[in-house]
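Working notes, structure below.
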Amino acid sequence: STMRKRKTTDSPPASTDLSEGKEKLRLKQELGLISGVSLIAGTMIGSGIFMSPEWVLHHMGSPASSLLIWAACGLLAMFGALSYAELGTIIKESGGEYIYILRIFGSFPAFLFAYTSVILVRPAGLAAVCLSFAEYAVAPFYPGCSPPQVVIKCTAAACILLLTIINCLNVRLATSIMNIFTAAKLLALLVIVVGGLVLLANGQTQSFQNAFQNTTAGIGAVGVAFYQGLWSYDGWNNLNYVTEELKKPEVTLPRAVMIAIPLVTCLYLLVNVSYLAAMSPSELLSSGAVAVTWGDKVLGSWAWLISLSVALSTFGSSNGTFFSGGRVCYIAAREGHMPDILSMAHVRCLTPSPALLFTSAISLIMIISGSFTSIVNFFSFIAWLFYGMTISRLLYLKIKKPELPRSYKVPIIIPIIVLMAAVYLVLAPIIDQPQIEIVYIVLFIFSGVILYFPLVRFKCHPRFLQRITLHLQLFLEVAPTTRDEN
């Protein structure tokens, strides 16, 4: 059948059967500690830190309160990642929230998550970051004016196609690019940090006088400010999507989290201080691209380096988003919640190429018709809805099943704090500033019911889909895979 029903309990992986000429494929365990840190930090440091600071300041009203939001977002991301690290040592499978919801909640809610993530959330996030990359990449060719939208969209599409080729060819190539670009973007942020420290040493501290003046106290405004800040931290859970490709996941996963997220949080705080040292709050609010304005004020004729750095940063973040996002599609298909062809891997490259091609196609459609506008708030609403659901099940396992083997345990107060934050982030904007678009998002999530019962629950699959799957399997040179049980 084109969709396979998998058991929700673990079973031993099938052995290689040479007598029949069949060999079960697995994705390689290519990711070590450095690659793990690069995947987390490299995905987190994208377009957000170069575009979100003005919006956090806009919603909070004062420099000091905006810095508190950035620190709180980093702490929340750290708590969330540590909670996920424990889940990753209990359920040692790739797929992140999807596989945790499936193993603990069951098939139906896991399907709704996969349906929403694969069709909407992951492709939309990838499209948004690639559009950000395109804006900065083409800006030097249009000095003094805005680049045409068709040029931006064509560049973003080219970025997605390039990422597709890289990730389909070789996991090691994709991770090497991730490591290189992570080092480049850390260097760029260090340039901004050092420039800000020099400005502070020269006495440019006007933005920090009466720093709490005009602070906003509304719960909705604070929630939206958190959305903007957390967009810059998005990616803190990416390592959980590729657990089966980690070397020694029970050790690598917690260590990578404890290195990457504090590093990114410190850099974000220092970069925001640097922005405020170079610009007054009013200048920062009127800046269309904060990092470029900072470069014009501080670097002068070398300001083009900032545009280049932002382009490199967003490209590296796109690579990390694409790398992990394709795995969600692949794992969901392997569990029978997506078409069977998406659960297969290339017989020579050992990459989930059908899932990557599908994610790429959906992202290209979104680039053609979409823009960066409003995507952050609605992306965050859906994300924290499912984060809260996942964290609630960790609390269930800690209380009801403490005997389950786990190599890492997070103090129970940490997931409680994350769950409370998730509830706040989902409800606060709805209560304070209700928007009809949120209703559309909820309706989209539950529209998955129409597909779940006939295709997954009752397995009503048209026969012609089997032929299509067979032809695609031959054309793409892919074969079914098996889980790497730990």
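The values are calculated or read from the model by the stated rules, or taken from the named source; none is laboratory data. Since we're looking at a predicted model, the values are computed, not measured. Quick reminder, even Gly has a Cβ in these numbers, built from the backbone with ideal geometry, and neighbours come from all protein chains shown. Note: accessible area is taken over every heavy atom of the protein model, side chains too, but ligands, DNA and RNA are not part of it. Shrake-Rupley method; radii C 1.70, N 1.55, O 1.52, S 1.80 Å.
More than 30 Å from F111 (Cβ to Cβ) and of a type outside the set (S, T, N, Q) - does that describe any residue in segment 314-334? Within segment 314-334, one or more residues are more than 30 Å from F111 (Cβ to Cβ) and of a type outside the set (S, T, N, Q).
Residues in segment 108-125 include none that are in contact with a helix residue (DSSP H, G or I) (Cβ under 8 Å, 6 or more places away or on another chain), farther than 29 Å from L443 by Cβ and open to solvent by 10 Å² or more (accessible area, probe 1.4 Å). For segment 117-161, filtering for residues that are closer than 16 Å to G326 by Cβ and either more than 21 Å from the chain's Cα centre (by Cα) or β-branched (V, I, T) (or both) leaves 5. Considering R393, R327, the condition of being modelled with pLDDT of 85 or more, of a type in the set (D, E, K, R), closer than 17 Å to Y100 by Cβ and assigned to a helix (DSSP H, G or I) is satisfied by R393 alone. L385 satisfies every condition listed in (1) surrounded by 17 or more Cβ atoms within 10 Å (Cβ to Cβ); (2) over 30 Å from Q228 (Cα atoms) except (2). Taking first residues from segment 225-240 that are closer than 15 Å to A85 by Cβ and partners that are among the charged types (D, E, K, R) and crowded, with 24+ Cβ neighbours inside 10 Å, the Cβ contacts under 9 Å between residues at least 6 apart in sequence or on separate chains come to N237/E97; N240/E97.
Once segment 389-415 is narrowed to residues that are of a type in the set (K, R) and open to solvent by 70 Å² or more (accessible area, probe 1.4 Å), the residue that is nearest to L82 (Cα to Cα) is K409. Somewhere in segment 59-70, is a residue out of contact with any Asp or Glu (no Cβ under 8 Å at 6 or more places or on another chain), modelled with pLDDT of 85 or more and assigned to a loop (DSSP other than H, G, I, E, B)? Yes: segment 59-70 contains one or more residues that are out of contact with any Asp or Glu (no Cβ under 8 Å at 6 or more places or on another chain), modelled with pLDDT of 85 or more and assigned to a loop (DSSP other than H, G, I, E, B).
No other residue among S176, S146, S117 is without any contact (Cβ under 8 Å) to a residue 40 or more places away in the chain and within 26 Å of L350 (Cα to Cα) apart from S176. Taking segment 219-295 as the region of interest, the helices (runs of 4 or more DSSP H) fully inside it that hold 2 or more residues being crowded, with 19+ Cβ neighbours inside 10 Å, polar (S, T, N, Q) and at pLDDT 85 or above are 249-278.
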